[in-house]
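To start, the structure under review is shown below, and the notes come after it.
Here, each number is a calculation from the coordinates, and none is a lab measurement. Everything numeric here is computed off the predicted structure, so don't read it as measured data. Quick reminder, even Gly has a Cβ in these numbers, built from the backbone with ideal geometry, and neighbours come from all protein chains shown.
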Amino acid sequence: MASMDVPADVPKRTQTAPPTQAAAVRATPAPVLTWVTLALMTTSSVASLRAAPTMAVYGLACVFLYLVPAVVFLLPTALVSAELASGWSGGVYRWVSEGLSKPLGFLAVWCQFAMTIFYYPSLLAFVASTISYVIDPSLASNGLYTAIVIMVLYWTGVWVSSRGTKALAGLSSWGLIIGTLVPGTILVVLGIVFLGQGNPSAAPMTASHLLPEWTGLASLVLIVNNFLSYSGMEMNAVHVSSLKDPAKEYPKSMFLAMGLVLLIFILPALAISWVVPADQTSLTAGVMQAFNAFFSYFHIGWMTPIAAVMLVAASLGGMLTWLAGPSKGLLEISRSEGYLPPFLQKLNKYGIQQNILVTQGVVTTAIALMYALIPNVSSVYWIFSTITTQVYLIVYLLMFAAAMRLRKTQPDHPRGYRVPALHLMCTVGLLASVAALAIGFVPPSQFGGGSVWSYVLLIGGGLVILGLLIPYAFLKFRKPTWRTERSAS
C-alpha cells in the first residue's frame, strides 16, 4: 500500500469544480502524458521499502517470490484496470456496479476503504520501529512503545486531515525520492561495497538458493504479502486516456513500471539479507537493522538518524494521503446512494468527513493496543498485514469478474484501451487472488509454535467481519433517508 499505494483517483473523480472552472476544463484539451511519465507515476504509487524485510528472510529466493506475483497478479491487474478506467470513470465502484451490481460495487469500495483499518497500524508500526533507531533501538521490539506511537501519530494525522490542511500534501509526492529511491540506493550501494570488500553475505547467494526451500505450504506463505505490495497499480489507470496512443503506449508504460517496481523491491531486500541474518530480521525494523549494520561497519553511524527521518517522512506522507483518499471516496458514494448512516456522512466546517475518520480512529486505537498486549511485535505486524491483504483481494476478485462480464454485456462500449486476451488475463488474476486468499490462512514458518487454528480464526475472523459482515449490515439496514445527495448516474 505504499506505497501500497495511494488511491488518489478516488477523491479526484468525486470532487466537483465550480461552474467557471468546469467550463474551462471542458474548453481545454486533455493533457497528454508520455508513457515514461505514466510509468514513473505508477512506480511512485506502488514502490516502497516497507516490505523489504519481509522478503529479506528468504535471501536470494526473494527474486523468485517477487517475480511470481508480478507475472500472475501485477500484470493482469495493471492491464485489466486500464481497460476499465478508459471506458468507465468513477473507479472500482463504477466498474463493479456496471459489471455486476451496485451492492457488489459498494462491497468493492468498502473493502478498498476497510483495508486501511489494518493498514494504518502496520504502517505506523514500521514508523515506530524506524523512529526507535533514533531514540533507542531496543524499543523496536517493545509492544507498549509501538502502541503509543501508533495512537499518537494516527490521531495527529486525523487532526491534520480534519482541518483540510494541505501543508503536508507535497510530502507524499516526494515520497518516492525521499523515502524510497535515495535510501534504497544508499542501502544497495553500501551492500555492494560491503560484499566487494570480501565480507561474507549473511544469506547464501549461490544458484542453488534461487528457489525457496520447500518445507510445506508454510515455506511459501510470505508470498501473500507481495500481492498487497503490488496493489495500487490500478489507481493510475485513470490516466490511460491522456496517452497519445493508449493501445501501444500503456503496455509499454506498465512493463517499465513493473521493471522499476521489481528493482525497488528486490535489490533492497537482497541488501538486507547480505548483512542481517534471517533469524534476526525484524519484519518492522529490518530496513533500519540493515542501515545500522552498514553504517556501523563503514563508521558513519551518524547517518542512521538521517535514514530514519527519510523513511518516516515518506511513510507519514503516505498515511496522510490514504486518510484523505478511500474515506472520501466512500463518503461521496454513500451520500448519493445512502450506503452509510447520516452520522458517518456528516462533514465538518472544512468539508472533511471527520466522523468517518474519528470512528476509524477508535478502531485503530483498539488494534494498536494489541501491540502492547501481544509480546511478539513481528507476529502482530504480520497478522495485520495479512488481514489487510485478504480484505483488499476481495476488490480484485470483483474487478476481474466485472471486467469479463462487461466485455460480454457491453462489447461495443467505447474503451480507450482493450486488453489482448482479456478473459485469459482475468482468469489468471482471479486464480492468483484466490490462491493468495488461501495461502493467507497458512501460518508462516517463522511464527511456528503457536496454534494453527488460532491463526486461522484470527485471519478468517478479520476477513469475514471487516470485509463481509459490516458492509452486509450497512446494506441490510440502510434506509431511504440515508441518501443525502442525488446520484450522479
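Quick look at the values:
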quantity	calculated
Theoretical gain in end-to-end length, Asp279 to Phe64 [0.36 nm per residue, Cα-Cα removed]	75.4 nm
Magnitude of the charge dipole, segment 321-421, Cβ model with Lys/Arg +1 and Asp/Glu -1, debye to 20	320 debye
Equivalent ellipsoid dimensions for segment 31-482 as semi-axes, Å, which come from the Cα gyration tensor, largest first	34, 26, 22
Debye, to nearest 20: dipole size of segment 31-482, +1 on Lys, Arg Cβ, -1 on Asp, Glu Cβ	1300 debye
Potential lengthening between Lys408 and Lys479 on full extension [0.36 nm per residue; Cα-Cα distance subtracted]	22.2 nm
Two-site label geometry, Ser138 and Ser89: point separation in nm, points 7 Å out along Cα→Cβ	5.8 nm
Restricting segment 277-378 to trypsin sites (Lys or Arg not before Pro) in coil, as DSSP defines it, with at most 15 other Cβ within 10 Å	Lys346, Lys349
Set Lys102/Lys349; Lys102/Lys248; Lys102/Lys479; Lys102/Lys476 screened for pairs whose C-alpha atoms are more than 21 Å apart	Lys102/Lys349; Lys102/Lys248
Extended-chain gain in nm, criterion 0.36 nm per residue less alpha-carbon gap, Trp159 and Leu347	66.3 nm
Leu424-Val152 pseudo-label distance in nm [points 7 Å out on the Cα-to-Cβ vector]	5.5 nm
FRET efficiency estimate (nearest 0.05) - Cβ-Cβ, Leu373 to Phe255, R0 41 angstrom	0.35
Spin-label model distance (nm) - Thr359 vs Leu211, 7 Å beyond Cα toward Cβ	5.0 nm
